[in-house]
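The values are calculated or read from the model by the stated rules, or taken from the named source; none is laboratory data. It should be emphasised that the depicted structure is a prediction, and the values quoted were computed from it without experimental measurement. Note that each Cβ is placed from the backbone with ideal geometry, even for glycine, and that neighbours are counted across all protein chains shown.
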Amino acid sequence: DAMVIQNPRYQVTQFGKPVTLSCSQTLNHNVMYWYQQKSSQAPKLLFHYYDKDFNNEADTPDNFQSRRPNTSFCFLDIRSPGLGDAAMYLCATSRDRGLVQETQYFGPGTRLLVL
Amino acid sequence: DAKTTQPPSMDCAEGRAANLPCNHSTISGNEYVYWYRQIHSQGPQYIIHGLKNNETNEMASLIITEDRKSSTLILPHATLRDTAVYYCIVRVVRGWDFNKFYFGSGTKLNVKP
């Protein structure tokens, strides 16, 4: 089945130690998104890639970076994780963007714990 | 930047219809309404979407008011597995802006035996 895959499902890191979360997709979608979801809150969009074009949300901290080496993979890098960065990180994809409707498909998420 | 308002929680008896309301009074003419649900510790799952007509699929029905300022998601026969947080989302479109989903705070639906 075509899907969005996130590994690992749980990630533990130390305060200030860089960490990378990964997302892959078999849908061959052009757009990939990263969301942050803190406990009992709604997902919040961090940034997205349209093909190789990176688009940051205005309020996303500089501590968060992303890479998309090819269509299938996208990485979220947290350069110096703080305790406040502990959250579920969700990856999503959509076929395209624009004026017509485009459903987003979400992965299962990676729960990050910062010690 | 959420553009939707939902009640924080609702209860529903198993086997009965669950009607989840959503207000989106500032919705623009080309903005779609999407519904997703999130079962505990999983990624959001797509349910249904619509622009102005009522929609139905195998999971649910979506009723959008004529002025498009509110909508209702209907689960016709709720089961215990439908217990989840349900998000009503307006898909923002500004010219050729991107396919951005801004999630509201969601409704926690509790389906009870």
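Can you tell me which of A:SER40, A:SER66, A:SER24 is out of contact with any Lys or Arg (no Cβ under 7 Å at 6 or more places or on another chain), part of a loop (DSSP other than H, G, I, E, B) and over 15 Å from B:LYS100 (Cβ atoms)?
A:SER40
Give the residue that is nearest to B:SER70 (Cα to Cα), with candidates limited to residues of the range B:23-53 that are surrounded by 13 or more Cβ atoms within 10 Å (Cβ to Cβ) and in contact with a Pro (Cβ under 9 Å, 6 or more places away or on another chain).
Step by step, filter the range B:23-53, then rank; the result is B:TYR36.
Take the conditions under 30 Å from A:LEU112 (Cα atoms) and in contact (Cβ under 8 Å) with a residue 12 or more places away in the chain and apply them to B:PRO44. Does it pass?
yes
For the range B:2-21, does any single residue satisfy the condition of being within 14 Å of chain A (Cβ to nearest Cβ), in contact (Cβ under 8 Å) with a residue 24 or more places away in the chain and more than 14 Å from B:GLY106 (Cα to Cα)?
No, the conditions are met nowhere in the range B:2-21.
Give me a count of the residues in the range B:1-18 that are in a strand (DSSP E or B), modelled with pLDDT under 95 and more than 13 Å from the chain's Cα centre (by Cα).
The total comes to 0.
Residues are listed down the side, and each one gets a yes or a no for (1) among the hydrophobic types (A, V, I, L, M, F, W, C); (2) surrounded by 18 or more Cβ atoms within 10 Å (Cβ to Cβ):
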{"position": "A:ASN7", "(1), (2)": "no, no"}
{"position": "A:VAL12", "(1), (2)": "yes, no"}
{"position": "A:CYS23", "(1), (2)": "yes, yes"}
{"position": "A:GLN37", "(1), (2)": "no, yes"}
{"position": "A:PRO43", "(1), (2)": "no, yes"}
{"position": "A:PHE47", "(1), (2)": "yes, yes"}
{"position": "A:LYS52", "(1), (2)": "no, no"}
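Only one residue in B:SER25, B:SER41 is within 14 Å of chain A (Cβ to nearest Cβ) and more than 10 Å from the chain's Cα centre (by Cα), so which one is that?
Result: B:SER41 is the single residue among B:SER25, B:SER41 that is within 14 Å of chain A (Cβ to nearest Cβ) and more than 10 Å from the chain's Cα centre (by Cα).
Residues being at the interface with chain B (Cβ under 10 Å from one of its Cβ atoms) and closer than 30 Å to B:LYS108 by Cβ: count how many of those fall in the range A:11-57.
12
Matching residues to (1) hydroxyl-bearing (Ser, Thr, Tyr); (2) surrounded by 15 or more Cβ atoms within 10 Å (Cβ to Cβ):
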site	(1), (2)
B:PRO21	no, yes
B:ASN57	no, no
B:ILE63	no, yes
B:LEU73	no, yes
B:HIS77	no, no
B:THR83	yes, yes
B:PHE103	no, yes
B:LYS108	no, yes
B:LYS112	no, no
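When you scan the range A:85-107, how many residues do you find that are at pLDDT 95 or above and outside any strand (DSSP E or B)?
Of the residues in that region, 3 qualify.
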